[in-house]
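Here the structure comes first, spelled out in structure tokens, and everything after it is commentary.
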Amino acid sequence: MNRMPDPGPSPADRLRPASDDGPSHIIRPRTPSDTGSRRPSSINLPPKFLEQAGRRLCGISAFIAASTVALTLFLGVIDPDIGALRRDDPATRLTLLAMVLLSAGVAAVQYFRVAPPRTLLVIGMVFEVLIAFGIGLLETTLPFDGTQPVRGVSTVAVWILAVGLLVPKRPKWTAIIALTSASMWPLAYAINIAVRDLPSLPAERLTVWLTYLYLVALLTALAGRRVFGMEVAAQRAQDLGSYQLLALIGRGGMGEVWRARHKMLAREAAIKIVRADLIAQSSAHDADLAVRRFEREARVTASLQSPNTVYLYDFGTAQDGRFYYVMELLDGLSLQKLVTAFGPQPASRVVHILRQICRSLDEAHRRALVHRDLKPSNVMICQVALEHDVIKVLDFGLVKPMSRDSRELTLDAASGGTPAYIAPEVAMGDANVDGRADIYAMGCVAYFLLTGQLVFDEPTPTATSVAHVQKTPVPPSSRSELPIPGDLEQLVLRCLAKAPAARPQSARALDEALAALAVDPWTPERADAWWQVHLPATSTLRTCDRTDAPPPPVVQVA
């Protein structure tokens with residue numbers, strides 16, 4: 001069972017993750033389709049990997065351009081017949097010129113950084129196929145001696161093997177490009193037979209040529225898969241300090257989260273890294289904003305000390321410039337999954353949960369920070385050591401300072417929250433948002449916990465935001481089969497007041513109001529009994545370990 005280390009790290013040793021889809025460092029169950037994400041073919045390519053592949057492609061293309069010119073001149077000297085053919089035949093001259101220009105162009109694209117690395121790899125795949133076609137045209141220009149046995153293989157086969165291994169790609173694309181390139185030789189052969197009226201090879205000789213080609217393509221696909229995994233592992237091995245990455249837990253809008261183990265302390269943790277594909281595909285401006293938000297998130301979380309906020313252990317910059325941070329690996333599930341799996345929760349438990357959320361937010365508000373994205377998927381209910389129902393608030397990625405003179409945490413134009421849990425003043429774009437916006441979101445969370453339904457369930461996000469501004473919520477007691485005490489219901493509706501002044505004015509005031517409610521206490525004994533029945537140590541709702549899943553790629557981070 002995966003458990004959080006004993007709480008107690010210093011403020012600089014604390015952290016929590018952000019994901020647009022909810023807390024991506026939560027330990028989630030794996031389905032057979034999920035296990036596929038652990039294979040090398042699904043790993044996000046590190047930027048340094050893409051850069052290195054681009055440099056290799058540049059070197060190969062420059063070599064092809066230079067060697068084509070040199071070989072043409074050399075053969076013109078030592079073999080006058082071939083020299084005359086390449087000098088006098090327009091189609092051959094055009095093929096040679098196209099190969100030189102194409103190779104030089106690909107080298108120039110990489111050298112002058114005209115295209116991003118990921119786009120360059122796509123260009124390289126097209127380049128590989130076209131060069132294979134050019135080689136096939138040149139090889140089949142002269143007739144073959146059908147009376148002689150086949151000795152050796154086509155140069156296309158050498159080309160497929162060399163590029164497939166030197167410029168690693170995702171295994172699927174290595175196989176597709178290798179087979180497509182192999183098919184260029186019979187295509188070129190058919191064109192030359194038709195255009196030049198050459199005698200065709202006997203069927204058995206042609207079969208041998210094609211068998212060799214496709215065997216090499218198949219071997220390239222198999223070897224390429226191995227090389228790809230080794231290359232990705234080698235790149236990640238230089239990335240992230242003293243942690244060994246064990247399995248990909250999840251991906252969010254901005255980062256990917258890995259389950260990891262410290263190599264010296266043998267302590268498990270979760271590592272969040274800025275997504276490589278986000279950096280590779282975004283403009284420089286957008287990528288910079290994403291990195292700034294990621295760094296902001298780590299700094300804000302590290303500054304918070306509440307035991308109900310996820311702990312951060314480490315934060316840094318990888319050798320390739322990506323930001324990452326290391327956080328506790330939580331043993332539990334989100335409030336969203338809690339209600340989805342087990343339905344509305346009893347009032348006593350809801351009060352117990354809300355009071356812990358208040359303690360996390362109270363510290364943030366006292367530091368003049370508004371969470372702005374509080375929702376059930378950003379709150380975890382966990383087991384810590386022997387204690388159950390410990391709440392951890394996550395995802396401070398949209399946190400905003402209350403003071404207007406602070407600009408450090410408002411570097412991007414990120415959305416102000418999730419429509420289903422957004423406060424009216426945030427939906428209206430009010431610049432003077434304070435902690436009472438989080439109080440409204442807490443009212444939405446409480447409503448969801450008590451009823452299993454959203455306060456306003458409109459067909460579109462825009463309609464939902466408008467409803468928070470204009471509509472009056474239906475009392476939760478009319479939407480739940482479980483009993484809801486009247487004073488708790490009134491407090492939830494106070495939190496959902498349209499005007500901030502009509503809500504509880506602070507997280508501490510809300511905590512005190514919750515403590516004063518005449519609700520049966522949710523005791524540790526009740527919590528222990530609930531977990532023993534519904535979430536035992538073997539439950540797939542709280543662990544990502546699967547005995548039937550293939551082992552994840554072992555990736556060392558030095």
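The values are calculated or read from the model by the stated rules, or taken from the named source; none is laboratory data. Everything numeric here is computed off the predicted structure, so don't read it as measured data. Here Cβ is always computed from backbone atoms with ideal geometry, including for glycine, and neighbour counts include all displayed protein chains.
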*So which of Pro483, Pro473 ends up being surrounded by 14 or more Cβ atoms within 10 Å (Cβ to Cβ) and part of a loop (DSSP other than H, G, I, E, B)?*
Pro473
_If the requirement is being among the polar types (S, T, N, Q), in a loop (DSSP other than H, G, I, E, B) and not assigned by TED's automatic domain parsing to the domain that holds Asp511, which of these qualifies: Gln305, Gln345?_
Gln305
*Return the pairs, sorted by first residue and then second, in which the second residue is of a type in the set (Val, Ile, Thr), the first residue lies in region 50-75 and is closer than 13 Å to Gly105 by Cβ, the beta carbons are less than 6 Å apart, and the residues are 6+ apart or on different chains.*
Leu57/Val167; Ser61/Val106; Ala65/Val100
*Pairs only if they're at least six apart or on different chains, beta carbon under 8 angstrom, first in region 215-232 and in contact (Cβ under 8 Å) with a residue 24 or more places away in the chain, second hydroxyl-bearing (Ser, Thr, Tyr) and buried (at least 16 other Cβ atoms within 10 Å of the Cβ); list them, first residue then second.*
Ala217/Ser181; Thr220/Thr174; Ala221/Thr174; Gly224/Thr174; Arg225/Ser41; Arg225/Thr174; Phe228/Ser41; Phe228/Thr174
*What number of residues in region 310-327 are buried (at least 24 other Cβ atoms within 10 Å of the Cβ) and either over 19 Å from the mean Cα position of the chain (by Cα) or on the phi > 0 side of the Ramachandran plot (or both)?*
3
*State whether the residues of region 464-472 include one that is at pLDDT 90 or above and under 29 Å from the mean Cα position of the chain (by Cα).*
yes
*Can you tell me which residues in region 365-385 are part of a helix (DSSP H, G or I), of a type in the set (S, T, N, Q) and more than 16 Å from Tyr440 (Cβ to Cβ)?*
Ser377
*Go over the candidates Thr141, Thr119 one by one and state the one that is assigned to a loop (DSSP other than H, G, I, E, B) and either at pLDDT below 85 or not acidic (Asp, Glu) (or both).*
Thr141
*Scan of region 73-85 for residues that are modelled with pLDDT of 70 or more and touching a helix residue (DSSP H, G or I) at 6+ places or on another chain (Cβ under 6 Å), ordered by number*: Leu75, Gly76
*Based on what the data block shows, is Val106 within 22 Å of Ile176 (Cβ to Cβ), surrounded by fewer than 17 Cβ atoms within 10 Å (Cβ to Cβ) and not acidic (Asp, Glu)?*
no
*asked:* Suppose the filter is exposed (fewer than 15 other Cβ atoms within 10 Å of the Cβ) and among the hydroxyl-bearing types (Ser, Thr, Tyr); does Thr211 pass it?
replied: yes
_Odd one out for Gly332, checked against (1) buried (at least 22 other Cβ atoms within 10 Å of the Cβ); (2) under 20 Å from the mean Cα position of the chain (by Cα); (3) not hydrophobic (A, V, I, L, M, F, W, C)_ = (2)
*asked:* Take the residues in region 429-470 that are in contact (Cβ under 8 Å) with a residue 12 or more places away in the chain and hydroxyl-bearing (Ser, Thr, Tyr); name whichever of them is surrounded by the most Cβ atoms within 10 Å (Cβ to Cβ).
replied: Tyr447
*Return the residue satisfying two criteria in turn: it lies in region 363-378 and is under 27 Å from Val339 (Cα atoms) and among the charged types (D, E, K, R), and of such residues it is surrounded by the most Cβ atoms within 10 Å (Cβ to Cβ).*
Asp373
_First in region 523-534 and farther than 12 Å from Leu386 by Cα, second anywhere and at pLDDT below 95 and in a helix (DSSP H, G or I), Cβ under 7 Å, 6 or more apart_ = His534/Phe342
